[in-house]
Amino acid sequence: KFCIDSNGNFHIAYINKDENLMYANSSNKGLNWNYFLIKDVISVIEEAGLICDSNNIIHLNYVYDGIVYSSNSSDMFVNEYISMSISSKIFEKHSCAIASNNIIHCCAILELIPGNQVLYYVNSSEWDTEIGPFGTSADDIDQCDIEVDSANDVYIFISGNDIDNIDVISNKDDYVRHLFIMEPQYHQELEENQERQFLLIIEFMSLFQT
């Protein structure tokens, strides 16, 4: 994951070949990098994320032992804290985004039993107080991506691993689930047809017209 702060400095988080969590920054557009070992792990870190806020504080988020943890650059990532955890349950894929008011929003996929996933959401005003689950299925909740618009409204996109569906939920209508893309043939059409891409954007926007 990668972000650029307001001073133009580059920041990146990644998992190295030893499966340790790493952070690096560059003040000269990537010509030289400073590297930091953030977490030397015993268990595997599943994913790593990175966010730059408006005060140029860097926020890391990562899934470790089924729990979503966070830390930030205000103390050089020394003190980690729990963002999302449910007793005896395993979080897998996750996504985080930051709003203009510097509130961090995260979604994550929790596997109840093999092949049965649910979606949860949380924000930094109440870390580790999950909202959800938003539905359950063996197919249609395999990945999530979260975005926040300029009005600080939250949109969570979810997709499955078998059928090419993309659904979206938002706080704008109390997280009602909307089907956004259904037909598998859309994938080729999207690659070949810019007009179709534009129409899908209009279709998405119309879901939340007020």
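Laboratory data are not the source of any read-out in this text; all were calculated from the coordinates shown. These figures come from a predicted structure and were not determined experimentally. Cβ atoms come from the backbone with ideal geometry, glycine included; neighbour counts cover every protein chain shown.
Data table
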| quantity | calculated |
| --- | --- |
| Asp173-Asn16 pseudo-label distance in nm [points 7 Å out on the Cα-to-Cβ vector] | 4.8 |
| Local net charge near Val63, Cβ-Cβ under 13 Å (Lys/Arg +1, Asp/Glu -1) | -3 |
| Placed amide H near Ile67: partners under 5 Å, 5+ positions off or other chain | Phe91 |
| Nonlocal amide H pairs with Gln143, under 5 Å, H built at 1.01 Å | Ser159 |
| Set of lysines with alpha-carbon distance to Lys93 below 20 Å, sequence-local pairs under 8 removed | Lys1, Lys17, Lys39 |
| 9 Å beta-carbon shell around His94, net charge (K/R +1, D/E -1) | -2 |
| Full-extension gain in nm, Asn7 to Asp128, via 0.36 nm per residue minus C-alpha separation | 40.4 nm |
| Label-point gap, in nm, between Val41 and Ser87 - each point 7 angstrom along Cα→Cβ | 2.5 |
| Net charge, Ser74 excluded, C-beta distance under 14 Å - Lys, Arg +1, Asp, Glu -1 | -4 |
| Full-extension gain in nm, Asp145 to Lys29, via 0.36 nm per residue minus C-alpha separation | 39.1 nm |
| Loop GluC sites (Glu not before Pro), the range 1-60, which have at most 16 other Cβ atoms in a 10 Å radius of their Cβ (DSSP) | Glu19 |
| 3J(HN,Hα) from dihedral phi, the range 14-25, Karplus parametrisation 6.51/-1.76/1.60, rounded to Hz, x for glycine, proline | 7, 10, 7, 5, 8, 6, 9, 7, 10, 10, 9, 9 |
